[in-house]
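A short reminder: the numbers here are calculations on the coordinates, not readings from a lab. For clarity, every value in this text was computed on a predicted model and none was experimentally measured. Here Cβ is always computed from backbone atoms with ideal geometry, including for glycine, and neighbour counts include all displayed protein chains.
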Amino acid sequence: MSGIGEHVKLSTEEFVKEAIEIVSRAESRGVKLRILGACAIYIHSMHEQRAINIYRSLGRFTSSGALFTDLDLMAYSKQRKDVIKFFEEELKFKYDPLIKALFSGKRLIYFHPQNLYHVDVFFDVLEFNHDVYFGKEPGKGRLELDNPTISLADLVLEKLQITKINLKDLVDLAVLFRAHDICGQDIHKECIDGNHIATILSDDWGFWYDATSNLGKLIKFLEDKQREGLLDNSDVEDVKWKTGKLMELIDRTPKTKNWIKRSKIGTSKPWYREVEEVVR
């Protein structure tokens, strides 16, 4: 069986096509699935070639194809039985029995019938260093905001919640910001809802701390790559302007009592959840 952590054994184009097809087939049966992570960012940014070029300039992809390690999906827990039926009976994917026994209420792992990749299905909330919530049932959550991926704002939050952010995550953020504008009003699927991000961060000091720190790390990372001649000035300035616009929204959004109370403790106590990767 293909192991967790191995690269997808398909080209970028083949994998993207298959991911979209899975979401589409599930949707036709009333099952809400939305793509997360690197694959979602790639799909949502394909319309902007300058953004896609950043992947190649900064080494996110190689000549052999995608550096995707899996397909991450978000679903509603109210549809858990339908998700299991869809993957096991219709798609004939093989499941991870340990994960199913221990974490099926929050997470399931499936393996492609030909072991080309594995699928990580999360329910309701992405629980890593910080939480990104999507709701529990169709019609009352955030999965309907976009298709086939989660919304752009949720993709940004997914990356900004990482306490020890790495190169691949910074590249993903750069691509997201290069391909999309920040909107405070006139929200639509092709702009990043800055107000939603700011509202989430205004109630959670720890999330705010990591998110704003990561925006700073992103700019430094891009400026370093600019000096190395790997990025054009226009790309870096575009991302800097958009992250600045987002930071402005975050700064001027009133903070809750929870945020203020936790801010007084600062980093003297852990402000994030330690996360261990699932390894088989």
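Thinking of the range 12-265 as a set of Cα atoms, what percent of all their pairs are more than 28 Å apart? It works out to 35 percent of all Cα pairs.
Gyration tensor analysis over the Cα atoms of the range 165-247 returns equivalent ellipsoid semi-axes of 22, 16, 9 Å (largest first, whole Å). Computed over the chain with a Gaussian network model linking Cα atoms closer than 10 Å, the most mobile of K242, K159, K140 is K140.
Filter the cross-link list K168/K269; K164/K225; K189/K245; K164/K255 down to pairs whose alpha-carbon distance in this structure exceeds 22 Å. Going by Cα-Cα distance, K168/K269; K164/K255 fall outside the 22 Å limit. For D181 and N233, FRET efficiency with R0 = 22 Å and r from the beta-carbon atoms, rounded to 0.05? The calculated FRET efficiency here is 0.70.
For the range 144-155, backbone phi angles converted through the Karplus equation (6.51, -1.76, 1.60; θ = phi - 60°) give residue-by-residue couplings of 7, 5, 8, 6, x, 9, 5, 5, 4, 4, 5, 5 Hz, Gly and Pro being listed as x.
What is the percent of Cα-Cα separations in the range 95-232 that go past 19 Å?
On the way: 5680 of 9453 pairs.
Everything past 19 Å amounts to 60 percent.
Helix content alone sets the calculated 222 nm mean residue ellipticity of the chain: runs of n ≥ 4 DSSP H residues at -39500 (n - 2.57) each, divided across all residues, give -14000 deg cm²/dmol. Calculate the FRET efficiency for R50 and R273 from the Cβ-Cβ distance with a Förster distance of 41 Å, rounded to the nearest 0.05. For R0 = 41 Å, the calculated efficiency reads 0.70. Positive end of the dipole of the chain (Cβ unit charges, origin at the Cα centre): among L201, G229, G30, the Cα lying farthest that way belongs to L201.
Taking 4.7 Å between C-beta atoms as the pairing limit, the chain has these partnerless cysteines: C39. Only Lys, Arg, Asp and Glu carry charge here, each on its Cβ (+1 for the first two, -1 for the last two); on that basis the chain has a dipole of about 800 debye about its Cα centre. For the pair K17 and N258, a Förster radius of 35 Å applied to the C-beta separation gives a FRET efficiency near 0.20, rounded to the nearest 0.05. You can think of it this way: the chain between K100 and K217 has 38.4 nm of extra reach, that is 0.36 nm per residue less the Cα-Cα gap. Within a straight-line Cα-Cα reach of under 29 Å, K85 can be paired with the following lysines, leaving aside sequence neighbours fewer than 8 residues apart in one chain: K9, K17, K32, K94, K100, K106, K136, K140.
Rounded to the nearest 10 degrees, the inclination of helix 205-227 to the longest alpha-carbon principal axis of the chain is 80 degrees.
Let's test this: bin the Cα-Cα distances of the range 132-190 at 5 Å from zero up to the farthest pair and state each bin's percent. Per 5 Å bin, starting at 0, the Cα pair percentages come out as 4, 16, 24, 24, 18, 10, 3, 0.
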